[in-house]
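Since the structure comes first, as structure tokens, the remarks are kept for the end.
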Amino acid sequence: MGREKLSEKKLIVMLKISNITKSFDGFFALDDVSLFVDQGVIHAVIGPNGAGKTTFFNIISGILAPDNGSVYFKGQNLAKIEPHKIVQLGIARSFQRVNIFPRKTVFENIQIALIARDQLHRSPFKKASNLFSEEVEELLKVVNLFEQVELRGGDLSHGMQKQLELAIALASQPKILLLDEPTAGMSLSETQSCIKLLKNIVQDRALTLLFTEHDMQVVFGMADYISVLHHGRLIASGPPSKIRENSEVKRVYLGNKAL
């Protein structure tokens, strides 16, 4: 879509990043980056390794504080807000490396996320086996893991572990999902299934999706809007058609990548 094709609709900026700068020992991971993410849009952030994508996500999710600049979510300044409280506000995050409990069952992984969401304080002697069972089952159906409910997280395939991590993120009832390399390490069939799954979830749950990805077929097959980072600077933003033809983006990143 992008802002051009969405022009007939009233656009609502869900996430506004203004003049973000972050350096490490004199090296600028992000240098005066500003962009917006509209509500209901699938927005990709791409760029070469070292472009600043992970730092960018870490700042949005509160893991890192910017040296300068601001991040506003639905009009609220996220400065000095702890990561778990940012999750409670409606921002959920997945990581490039799968972040699950490998020794817990699929059911327990999601149940733990639901308990954390509702901040339940329970006696360690009281069984929690049935807590949120209906909601867990619903989430498992959403991410196509219902048949794996009793398996341990560590016994799942890589693609299924990504699906489980997605269910854990959805357990917090987010308004926006931040996904770092959602198809990394997946086979072609797993990647295709992941794309379809994410599109369905975004549409069915009226979510906004902000993601990073190196697979350009995934990016151009999913994204309504694309922002390109290079050496910590934002060099282009726009709908896929404009990014595909941008000479600077071609020079520093796309080259002959299949689109």
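Pairing each residue of the stretch 148-159 that is hydrophobic (A, V, I, L, M, F, W, C) with any residue that is assigned to a strand (DSSP E or B), provided the two are 6+ apart or on different chains, yields C-beta distances under 9 Å for 149/105; 151/105.
Which residues, counting only those in the stretch 66-115, are within 30 Å of residue 25 (Cβ to Cβ) and of a type in the set (A, V, I, L, M)?
71, 78, 79, 81, 86, 87, 91, 98 - these are the residues of the stretch 66-115 that are within 30 Å of residue 25 (Cβ to Cβ) and of a type in the set (A, V, I, L, M).
For residue 223, the test of being over 21 Å from residue 36 (Cβ atoms) and not charged (D, E, K, R) is failed. Restricting 244, 205 to residues that are within 19 Å of residue 93 (Cα to Cα) and surrounded by fewer than 20 Cβ atoms within 10 Å (Cβ to Cβ) narrows the list to 205.
Among the numbered conditions (1) surrounded by fewer than 16 Cβ atoms within 10 Å (Cβ to Cβ); (2) in a strand (DSSP E or B), the only one that residue 211 does not meet is (1).
Scan the stretch 214-259 for residues that are assigned to a loop (DSSP other than H, G, I, E, B), farther than 25 Å from residue 22 by Cβ and more than 16 Å from the chain's Cα centre (by Cα) and jot them down.
239, 255, 256, 257, 258, 259
Here is a check on your reading of the model: is residue 245 in contact with a Lys or Arg (Cβ under 9 Å, 6 or more places away or on another chain), more than 20 Å from residue 56 (Cβ to Cβ) and of a type in the set (Asp, Glu)? Spelling it out, it is not the case that residue 245 is in contact with a Lys or Arg (Cβ under 9 Å, 6 or more places away or on another chain), more than 20 Å from residue 56 (Cβ to Cβ) and of a type in the set (Asp, Glu).
Could you list, in sequence order, the residues of the stretch 25-41 that are among the small types (Gly, Ala, Ser) and touching a residue at least 40 places away in the same chain (Cβ under 8 Å)?
Once the filter is applied, which keeps residues that are among the small types (Gly, Ala, Ser) and touching a residue at least 40 places away in the same chain (Cβ under 8 Å), the stretch 25-41 yields 29, 34, 40.
For first residues located in the stretch 167-194 and on the phi > 0 side of the Ramachandran plot, partners that are of a type outside the set (Ser, Thr, Tyr) and part of a helix (DSSP H, G or I) and lie 6+ apart or on another chain with Cβ distances below 6 Å form the pairs 185/158.
Here the condition is being in contact with a strand residue (DSSP E or B) (Cβ under 7 Å, 6 or more places away or on another chain) and modelled with pLDDT of 90 or more; of 139, 178, it holds for 178 alone.
The values are calculated or read from the model by the stated rules, or taken from the named source; none is laboratory data. All figures in this text were calculated on a predicted structure; none of them were measured in a lab. FYI the Cβ positions are ideal-geometry reconstructions off the backbone, even for glycines, and counts take in every protein chain you see.
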